[in-house]
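First comes the structure, then the notes that go with it.
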Amino acid sequence: PYCMGALYWQINDDWPVVSWSSIDYYGNWKAQHYRMRDVLAPLALGVEFKDNQLNYYTLSDFLIDRNDLQLTVQVVDFNKGVVKQFKEKVNAKANSSNVVKTFNVEELLSEADKSNRMIRAWLTDSKGKKLSVKDHFFYWPNKLNLPQTTVQTSVKYADGKYTVTLTSKKLAKDVFIEIPVMGAKFTDNFIDLLPGEKKVIEITSPELKASAKTPVTVRHIRETY
């Protein structure tokens, strides 16, 4: 079978309500909308876990081949950070989805490590620009040995824009940033923050004032239980 695209229900709401929309009535993005932006990008990285193998795909909507790409794959320990890394030149064929790299899971980690480690992969172009990032966990969150950790947060305040820098000594899964301003735009949210990683997120809204220092709340899934 062939697929001419993707359609998901639903994008937004006509009134304030609890629904399955990915953007609420006030313009706030829910977690789904950030991920749909990533997976439906013109050039995206996909991963399939099947028969104890990880298959990495390039999914391209471009009408020309992309031959300037590099795939980086990291094995990340929840507490220690990156323990293995692989890099390889790959191509993204025009207007198609293709497997560009396959790993036997035994090459990457042991069975016992699956609840303590994850795989992060990303594509970069010839200039080093990161184009698509894909995280893979081997279990649902309730089966993972997620560590207790504190996300360190610093905020640079300016009129119309707050710049938030996040770091953590251990994995912080599903980091959620919140601000009491309806319709504020975040460059990213609901992220997995790796040990030692620095993530910069910009929040924009005409209601943000440098002098007000509107509070920014940061939480992650391990803090919920």
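Can you name every residue in region 215-225 that is modelled with pLDDT of 95 or more and either part of a loop (DSSP other than H, G, I, E, B) or among the small types (Gly, Ala, Ser) (or both)?
We begin by selecting, within region 215-225, every residue modelled with pLDDT of 95 or more; these are 215-223.
Scanning region 215-225 gives Pro215, Val216, His220.
Would you pick out the residues in region 102-142 that are part of a helix (DSSP H, G or I) and charged (D, E, K, R)?
Across region 102-142, the qualifying residues are Glu106, Glu107, Glu111, Asp113, Lys114.
Does Lys156 satisfy being charged (D, E, K, R), under 22 Å from Pro206 (Cα atoms), part of a strand (DSSP E or B) and not assigned by TED's automatic domain parsing to the domain that holds Tyr25?
yes
What are the pairs, 6+ residues apart or on separate chains, where a residue within region 167-195 that is on the phi > 0 side of the Ramachandran plot has its Cβ under 6 Å from a residue that is surrounded by fewer than 18 Cβ atoms within 10 Å (Cβ to Cβ) and of a type in the set (Lys, Arg)?
none
Does Gln70 satisfy the criteria of being under 30 Å from Asn145 (Cβ atoms) and out of contact with any Pro (no Cβ under 8 Å at 6 or more places or on another chain)?
In short, no.
Looking for whichever is over 16 Å from the mean Cα position of the chain (by Cα) and surrounded by 13 or more Cβ atoms within 10 Å (Cβ to Cβ) here; the options are Asp65, Asp38, Asp14. Which one fits?
Asp65
Right, Val82: surrounded by 15 or more Cβ atoms within 10 Å (Cβ to Cβ) and not in a loop (DSSP other than H, G, I, E, B) or not?
No: the conditions fail for Val82.
Residue by residue through region 196-214, note down the ones that are in a loop (DSSP other than H, G, I, E, B) and either β-branched (Val, Ile, Thr) or touching a Pro at 6+ places or on another chain (Cβ under 6 Å) (or both).
Within region 196-214, Thr214 is the sole residue that qualifies.
Please tell me if Ala92 is at pLDDT 95 or above, closer than 29 Å to Ile177 by Cβ and among the small types (Gly, Ala, Ser). Quick ask: steps written out before the conclusion?
Working: at pLDDT 95 or above: yes; closer than 29 Å to Ile177 by Cβ: no; among the small types (Gly, Ala, Ser): yes.
Taking the combined requirement at face value, the residue does not satisfy it.
Looking at region 171-208, which of its residues are of a type in the set (Gly, Ala, Ser) and either at pLDDT 95 or above or buried (at least 19 other Cβ atoms within 10 Å of the Cβ) (or both)?
Of everything in region 171-208, those that are of a type in the set (Gly, Ala, Ser) and either at pLDDT 95 or above or buried (at least 19 other Cβ atoms within 10 Å of the Cβ) (or both) turn out to be Ala172, Ala184, Gly196, Ser205.
The values are calculated or read from the model by the stated rules, or taken from the named source; none is laboratory data. A quick note: this is a predicted structure, and the numbers were derived from the prediction, not measured. Neighbour counts are summed over all protein chains in view; Cβ atoms, including those assigned to glycine, are modelled from backbone coordinates with ideal geometry.
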